[in-house]
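The values are calculated or read from the model by the stated rules, or taken from the named source; none is laboratory data. Since the structure is predicted, the reported quantities are computational estimates derived from the model, not experimental observations. Note that we place each Cβ from the backbone using ideal geometry, even for glycine, and neighbour counts take in every protein chain shown. What goes into the accessible areas is simple: the full protein's heavy atoms, side chains included, and nothing from ligands, DNA or RNA. Shrake-Rupley method; radii C 1.70, N 1.55, O 1.52, S 1.80 Å.
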Amino acid sequence: CAIHNISKKLNLGDITKLTKKDIDKIPSFDLLVYSPPCQAFSVAGEKLGFKDKRGVLFFYALEVIKAKQPKLCIMENVKGLTFKNMKYEFNTILESLEETGYNNYWKVLNAKDYGIPQNRERLFIVSIRKDVDENGFVFPKPFDSGLRLKDLLESEVDEKYYIPEDRCKKLLKERKQKTTKWKNEIRQITNP
């Protein structure tokens, strides 16, 4: 609410606690942009998919989509959702949207190809309600804005934004321990 300068009355809170009555109170709208938490699908997470309670939040968004039938829905998530180990989850999402009356167009896009100076790949699923989808959807062509990270960085940064040396040493020690643990686990798997 603070970011978008809107009344707290418009924030419906935790989507898992919305009732049908709550959803019915939402005024009609044409566009829904949503993203279930990515940890359930990310290579950096435990890759539990729908077995992770965060992974099933898609279905709560789907209830809103079913009830309100916006013309267009855009879902963003990590590209890991398209990987072989997430095939069930990815296909379920696409099939659920299709059964709800939407044509789906998906693609993994990299922010660096769209004017953002960051290498950040993300999956986008554009779902267009079938009765209004006349021409399909074509993802925008990549472009280079010429903007680079160095163009955004400040030349002088206040000391308060730096990690204190003792904290930095602690973080590096923890990372080294985790890396050693992972290497040992990989050795055990590859050399039983």
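Amide H to amide H distances under 5 Å link L32 with L72, C73, I74, where only residues 5 or more positions off or on other chains count and H is placed in the peptide plane.
Could you list, in their original order, any pairs among K53/K176; K79/K141; K8/K79; K20/K107; K112/K141; K25/K107 whose Cα atoms are separated by more than 23 Å? All intermediate terms of the calculation are to be shown ahead of the outcome.
On the way: K53/K176 30 Å; K79/K141 19 Å; K8/K79 33 Å; K20/K107 32 Å; K112/K141 12 Å; K25/K107 33 Å.
From the list (K53/K176; K79/K141; K8/K79; K20/K107; K112/K141; K25/K107), the Cα-Cα distance tops 23 Å for K53/K176; K8/K79; K20/K107; K25/K107.
At a probe radius of 1.4 angstrom, the accessible area of segment 52-181 per residue rounds to 70 square angstrom. By DSSP, the beta bridges lying fully in segment 16-167 are antiparallel in about 75 percent of cases.
Each part gets one Cα centre, and for segment 130-176 versus segment 10-78 those centres are 24 Å apart.
What do you get when you divide the Cα radius of gyration of segment 107-192 by 2.2 N^0.38 Å, with N the number of residues? Kindly include the intermediate steps, with their values, before the conclusion.
Working: Rg = 22.1 Å, N = 86, 2.2 N^0.38 = 12.0 Å.
Compactness ratio reported: 1.85.
Highest mean packing first, where packing is the average number of other Cβ atoms within 10 Å per residue, the peptides 64-72, 170-178 line up as 64-72, 170-178. When the Cα convex hull of segment 1-104 is projected onto planes of every orientation, the mean area is 7.2 nm². Taking other residues whose beta carbon is less than 14 angstrom from the beta carbon of K183, and scoring Lys, Arg as +1 and Asp, Glu as -1, yields +4. Under 20 Å of direct C-alpha separation, and excluding same-chain neighbours fewer than eight residues apart, K66 reaches these aspartates and glutamates: D14, D22, D24, D30, E76, E89, E95, E98, E99, D131, D133.
Restrict the search to segment 1-86; then list the GluC sites (Glu not before Pro) that DSSP places in a loop and that have at most 13 other Cβ atoms within 10 Å of their Cβ. Could the numbers behind the result be given before it?
Numbers: sites: E46, E63, E76; in loops: E46.
Passing sites in segment 1-86 are E46.
Stokes-Einstein diffusion of the chain at 25 °C, 0.890 mPa s viscosity, Kirkwood radius from Cα pairs, rounded to a whole number: 121 µm²/s.
Over segment 49-88, with every protein chain in place, what whole percent of the accessible area is carbon and sulfur at 1.4 Å, could you tell me?
Working: 1220 of 2120 Å².
Heavy-atom surface of segment 49-88 belonging to carbon and sulfur, 1.4 Å probe: 57 percent.
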